Structure formats: structure tokens, C-alpha cells
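Participant: Submitted below is the structure of interest, expressed as C-alpha cells.
What follows draws every value from the coordinates through simple rules; no lab data is involved. Nothing here was measured: the structure is a model prediction, and the numbers come from that model. A quick note on method: Cβ atoms are made from the backbone with ideal geometry, for glycine too, and the neighbour counts reach across all protein chains shown.
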Amino acid sequence: MSGGVDSSVAAALLKQQGYEVIGLTMRLWSDPAHRPAFDSEAAAQCAADSLGIPLRVVDLAVPFRREIVQFFLDEYARGVTPNPCVRCNRLIKWGLLLDQALALAADFLATGHYARVQRDEGGKMKLLRAPDHSKDQSYVLHVLTQEKLARALFPVGEHPKSEIRAIARALGLPAVTHAESQDLCFLNGEDYRDFILRNAPQIARPGPIVARDGKMLGEHQGLAYYTIGQRKGLRVSSPVPLYVLAKEAATNTLVVGREEELGSRELSVVNVNWIAGEAPSGRLRLQVKTRYTAREAEAWVTPEEGQQARVRFESLQRDITPGQAAVFYDGEVVLGGGSIT
């Protein structure tokens, strides 16, 4: 329970369905120099009191700082753009927090994610998109395994967000008045550039901005401050708009070019998790999503040895970004995904 409307309503729905519900809230690392304005522990306690359920605080600050925040900084230092939420779901929520739930003899761990889980006729667990695609969060859950999905409940996943807010209002849950944050939780509303500058200033090393042909165009302020497809903030003089094409960490170089130079039809993926527990035997025509906010695109996905895969798109994809996840969909079903290299 984060204290927000989704997890609060998830707990309420479970109570209505006859489950014995215990609230768990995670105490995560918070930057001492930038404390959050929103007290999630107090909000979670308020929601739990309103629902009449016990709440336990699970202190995960140390592993969260080590596995998620440091990962975020290290990946930017490597010149890639990480998605720490995916890693957090694998290691923290569906790792350490699930362990805490099982230690309490719980049968399931429920969260406020907008997604669905089903068991097929053969007993295999399937992860499905939420019917409300505008809120679907299956992208960040593609790392879940059969074992973890068998313990997962997503009570709000079948409902549109408007219905969840209506339920919260009808139940008088205090969370309905809380504003929702779209930022990474440990940023606490701060710009990620300021966070990096304060916590890993060595990453912000100026370097050359060059065209594809190697022509020097200017100086960047640190590769971590740029992402593939970015146009604004380059501060180089050009008769045509320029976009970030690549970040070359080995030479601390930012490569830029015209809009028509952006994009690719292919990408490679590592650390692939196939939700079924094993890779398909051959290539599949699927829909692939390369960012949380991106639309799915038709592609051929070819599994390779060593938890790798090759993706070939039907059309040019403009903003493929190393470090982000490529997630594979077969209609409403999530087959798996991995990290773009």
C-alpha cells in the first residue's frame, strides 16, 4: 500500500471479495537533500485505518538504494537510459516484498497495478493487459515469472481509472484526494538531472557533440542529460532541427542529426524473461513496445540463446533507446521482454 488511490481501492475490493487483507507499505530510500512532500507511510496508515485492516511497514531502504537507485546512476554512467521501475518490480516488489508476504503466511501479494493475471487450461499463468489501455501497466510487469504470477493479484486491473476513483469516493477513502505522481518515486518530483548532479556529479562530464560524419558541432553537458530522439536543449547552431541519434559512452560523445536520420527497424534484447517459462521454438509475429509510453508496433521476434532475442519491425521505429525494455505482446497477452542493447 503506497497510500494512493489504486492500492487503497485494491485492498477494499479484496475485502469485499472475502479475503483476509494485511497492508504492507515499503519504506524506501529517500534522498536526504530532497525529502518528499508526500508522506506515503502516513497516507497508507490512514487508508488502512479507514478500511479496518492492519498495516505493516517493511523497511527496504538499504536494498532499494543499492539495487534501484545505484542501478539508475550506474546505467546513466554507461550512457544508456534505464527503466528502474522494471528492476524494482523484479527485485523489490516481487522479490523482497513478496518474501515478506509469504513470511506472514499470505497466499497472494496484491498491488494496485493495472494489469490482469489468468491461469490457462494447462495450468500456466498468463499476464494480460488491462482493458483500459490508457492505464495499462503490464509493460513494467513483464519480468514476472510463473512462480510470481501464481502469487499475484491485481484487483483494479479489470476497471477503468474513473471507476476506481468512484469506488474510492463511495467508500470515503482519503486517497481519492491525493494527486498522482508520474515520476520515479525516489526523485520526489525533482528533475532527474538535478538528482544525478547531486548524487553522482562525475557522470556530468562535458564532451563533444558531433554529426554522423564526425563534424564537431558543439559541447554537451553530460550524456546523462540526453536521450535518443531528443531535440530541445542541444544548444548547437544549425539551419535545420537536430535530434539525438546516439550516445557513445566510450568517447563521451553525443551524436546528432536530422530527423530523417532517426530510427531503426531492428534491435537486440538481453536478459529476456519469457513468462511461459521457456522461449518459443521459432520466430513470432508480435506487437512490441519499446517504451512505457510508446505504442506497440508490429515486429518479428526471434528468440536466441542466452536469454537474448532479435526484433525486426515492419516499419521504422524512431526512438529505440538502449536501457529501456522491449516488451512482446500477442494481442492482450504479454509474452515477455528484455533490455534493449
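Participant: Rule-of-thumb check for the chain: C-alpha Rg over 2.2 N^0.38 Å?
Facilitator: So the chain has a normalised radius of gyration of 1.06.
Participant: Please go through the stretch 240-339 and write out the chymotrypsin sites (Phe, Trp or Tyr not before Pro) that DSSP classes as loop and that have at most 16 other C-beta atoms within 10 Å.
Facilitator: Those satisfying the criteria are Tyr292.
Participant: Radius of gyration and Dmax for the stretch 264-340's Cα atoms, expressed in Å?
Facilitator: Looking at the stretch 264-340, its Cα Rg and Dmax stand at 11.0, 31 Å.
Participant: Per q in 0.13, 0.19, 0.21 Å⁻¹, report the Debye log10 I(q)/I(0) for the stretch 43-93, using one uniform scatterer on each alpha carbon and no solvent.
Facilitator: Rounded to two decimals, the profile gives -0.46, -0.71, -0.77.
Participant: Which percent of the Cα-Cα distances in the stretch 77-213 go past 17 Å?
Facilitator: Value for the stretch 77-213 (Cα pairs over 17 Å): 71 percent.
Participant: Mind jotting down the distance between the C-alpha centroids of the stretch 275-341 and the stretch 71-109, whole Å?
Facilitator: 21
Participant: Which lysines have a Cα lying under 30 Å from the Cα of Lys135, excluding residues fewer than 8 positions away in the same chain?
Facilitator: Output for Lys135: Lys15, Lys93, Lys124, Lys126, Lys148, Lys161, Lys232, Lys289.
Participant: Could you give the spread of the C-alpha atoms of the stretch 205-261 along their three principal axes, from largest to smallest, in whole angstroms?
Facilitator: The Cα atoms of the stretch 205-261 stretch 27, 20, 18 Å along the principal axes, largest first.
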